[in-house]
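Only one structure is covered here, and it is reproduced in the block below.
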Amino acid sequence: MELRQLKYFVKSAEYLNFSVAAKHLYITQSTLSQQIKQLEFELGFELFLRNSRHISLTEAGEEFLPFARKTILDAEDGVQRLYDLQHVKTGTLKIGVTYSLSTVLTEGIMHFMKSFPGIKLEIVYKTVDELLELLRERKVDFVLSYKPLCKAPDIDSMHLFNSALALVVSKEHPMAERSKIKLQELEETPLLLPSKGLQARTMLDMLMEMTGVELMSSLELNETNILLQMVASGHHATILSVSAVFEKPRFKAIPLDEPGNVLEASLLCLAGAYQKTAAKEFIKILLDTNAVKRRAMNMFEQE
């Protein structure tokens, strides 16, 4: 049994299509089929049920799949440990970040690139659910996000700072003088809202369910920067985390005066997984940035 055969098996199980799997593996379909048959011969079990249209995993295939995945990941971790012996001189660090926390990374990225010029950074912006899936698949090394509202026992969380949902308006908006506001006061106000799937929206939906308040949305977007561009005109309002407009003087964040309105900005890692030295170094730098420390001191600071 060879490691490449396990990789072929896992990829075939992922797509349940030998042709598609072969394309992603950059091999021919005939080579893939031969290697799978060889693996099945060595194991003494058929791993796939085959017919003219599609394939599916046998009971043996279902049982063997998690062990094959673990073997591949253990081998990759071993290789990564060898790379780390080179004192973080080469390699790639992949970081996932949610849209609302993108600005928190900027300072850390600049410091890391200066300290470790040989490390290539790949930054992925997606929703937290999408990023957690990438984390579980080892396609990112860690995630910067608000802590998931639903428990995830396979994910470890390192707390960075607290934030909260707020009504975000321009400094010229009629509501800009308010220091806090209840959701009920916004029932008749047309709002620009983040789309479902974004953490700010998930928290907002929870608060609306708890209070029985229904808000009106004239527009929903999954792009925070566009929402803020429209709010900056002075004619619109949105609801985002305070951190999304931290130290952006043209905006005013008016905290929602509702119980449970707390978002925990966190670093999320796969529980029990080996962590690259490059990831550890980046996290050290990030924790020491003003972007994190100032937010940790005062989540409502707007200066």
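Readers should treat all values here as calculations from the given coordinates under stated rules, not as data from a laboratory. What you are looking at is a predicted structure, and each value in this text was computed from that prediction instead of being measured. Positions of Cβ are backbone-derived with ideal geometry, glycine not excepted, and every protein chain shown enters the neighbour counts.
Work out from phi, with θ = phi - 60° and the Karplus expression 6.51 cos²θ - 1.76 cosθ + 1.60, the ³J(HN,Hα) of each residue of segment 193-202, listed in order in whole Hz, and give x for Gly and Pro.
Once rounded to whole Hz, the list reads 10, x, 5, 4, x, 7, 5, 4, 5, 4.
Could you let me know the centre-to-centre spacing of segment 158-187 and segment 53-85, using Cα atoms, in angstrom?
47 Å
Note the full-extension length gain between Glu264 and Tyr26 as 0.36 nm times their separation in residues minus their Cα-Cα distance, in nm to one decimal.
Residue separation times 0.36 nm, minus the Cα-Cα distance, leaves 81.5 nm.
Order the peptides 263-270, 216-223 from the highest to the lowest mean number of other Cβ atoms within 10 Å of their residues.
Final packing ranking: 263-270, 216-223.
Which one of Phe112, Ala22, Leu132 is farthest out on the positive end of the charge dipole of the chain, using unit charges on Cβ (Lys, Arg +1; Asp, Glu -1) and the Cα centre as origin?
Going by the Cα projections, it comes out as Phe112.
For the chain, give the magnitude of the charge dipole about the Cα centre (Cβ charges: +1 Lys/Arg, -1 Asp/Glu; no others), in debye to the nearest 20.
980 debye
If the viscosity is 0.692 mPa s and the temperature 37 °C, what translational diffusion coefficient in µm²/s does Stokes-Einstein give for the chain when Rh comes from Kirkwood over Cα pairs?
Numbers: Rh = 22.0 Å.
Reported coefficient: 149 µm²/s.
Would you calculate, for the chain, the mean residue ellipticity at 222 nm contributed by helices, counting each DSSP H stretch of 4 or more residues as -39,500 (n - 2.57) and dividing by all residues, to the nearest 500?
It lands at -13000 deg cm²/dmol.
Using a ≥ b ≥ c from the Cα gyration tensor of segment 112-239 (square roots of the eigenvalues), is it rounded, prolate or oblate, where a/c under 1.5 gives rounded and otherwise the larger of a/b and b/c decides, a/b for prolate?
Prolate shape, in that a/c is at least 1.5 and a/b is the bigger ratio.
Which order do Asp74, Asp129 fall in if you start with the one that has the fewest other Cβ atoms within 10 Å?
Arranged by neighbour count, lowest to highest, Asp74, Asp129 become Asp74, Asp129.
Mind putting a number on the dipole of segment 3-84 about its Cα centre? Charges go on the C-beta only, +1 for Lys and Arg and -1 for Asp and Glu, and I need it in Debye to the nearest 20.
On the way: 10 positive and 11 negative charges, 81 e Å.
Taking the Cα centre of segment 3-84 as origin, the dipole is about 380 debye.
Could you go through segment 158-173 in sequence order and give the Karplus-derived ³J(HN,Hα) for each residue, using 6.51 cos²θ - 1.76 cosθ + 1.60 with θ = phi - 60°, rounded to whole Hz, and x for Gly and Pro?
Values, residue by residue: 10, 5, 10, 6, 9, 9, 7, 6, 8, 6, 9, 9, 7, 5, 8, 5 Hz.
Quick one: divide the alpha-carbon radius of gyration of segment 3-84 by 2.2 N^0.38 Å and tell me what you get. Display every interim value, and only then the final one.
Values: Rg = 13.2 Å, N = 82, 2.2 N^0.38 = 11.7 Å.
Output field value: 1.12.
Quick check: the distance between the Cα centres of segment 92-121 and segment 1-28, to the nearest angstrom?
That distance is 32 Å.
Take the cross-link list Lys37/Lys276; Lys23/Lys139; Lys151/Lys180; Lys252/Lys280; Lys23/Lys147; Lys94/Lys147 and give me the ones stretching past 27 Å between alpha-carbons.
Lys37/Lys276; Lys151/Lys180; Lys252/Lys280; Lys23/Lys147
For segment 165-261, take the alpha-carbon Rg, divide it by the Kirkwood Rh, and send me Rg/Rh.
When Rh is taken as the Kirkwood radius, the ratio is 0.91.
When DSSP assigns beta bridges and you keep just the ones with both residues in the chain, what percent turn out antiparallel, to the nearest 5?
Values: 24 of 41 bridges.
If I count the DSSP bridges inside the chain, around 60 percent turn out antiparallel.
How high is the FRET efficiency between His235 and Asp74 when r is their beta carbon distance and R₀ equals 51 Å, given to the nearest 0.05?
Details: r = 56 Å, r/R0 = 1.10.
My answer for the efficiency is 0.35.
For the pair Met175 and Thr189, how long in nm is the line joining their label points, each one 7 Å along Cα→Cβ?
Here the answer is 0.2 nm between the modelled labels.
Pop a pseudo-label 7 angstrom from the Cα along the beta-carbon direction at both Glu122 and Lys248 and give the gap in nm to one decimal.
2.8 nm
Order these by the 10 Å Cβ neighbour count, fewest first: Phe45, Phe142.
Phe45, Phe142
What list do you get for Thr31, Thr103 if you sort them by fewest beta carbons within 10 Å?
Result, fewest neighbours first: Thr31, Thr103.
What percent do you get for the relative contact order of segment 147-303 when only Cα pairs under 8 Å and 6+ apart count? Can you show the working numbers first?
Numbers: 259 pairs, mean separation 64.7, N = 157.
Normalised by residue count, the contact order of segment 147-303 is 41 percent.
Quote to one decimal, in nm, the extra length available between Glu223 and Leu43 on full extension: 0.36 nm per residue of separation minus the C-alpha distance between them.
59.9 nm
What are the ³J(HN,Hα) couplings of segment 63-77, residue after residue, when phi is run through the Karplus curve with 6.51, -1.76, 1.60 and θ = phi - 60°? Round to Hz, x for glycine and proline.
After applying 6.51 cos²θ - 1.76 cosθ + 1.60, I find 5, 7, 4, x, 6, 5, 4, 5, 4, 5, 5, 4, 5, 5, 5 Hz.
If you average the sequence gap of Cα pairs under 8 Å that are 6 or more apart and divide by the length of the chain, what percent do you get for the contact order? Walk me through the intermediate numbers first.
Working: 483 pairs, mean separation 64.5, N = 303.
Across the chain, relative contact order equals 21 percent.
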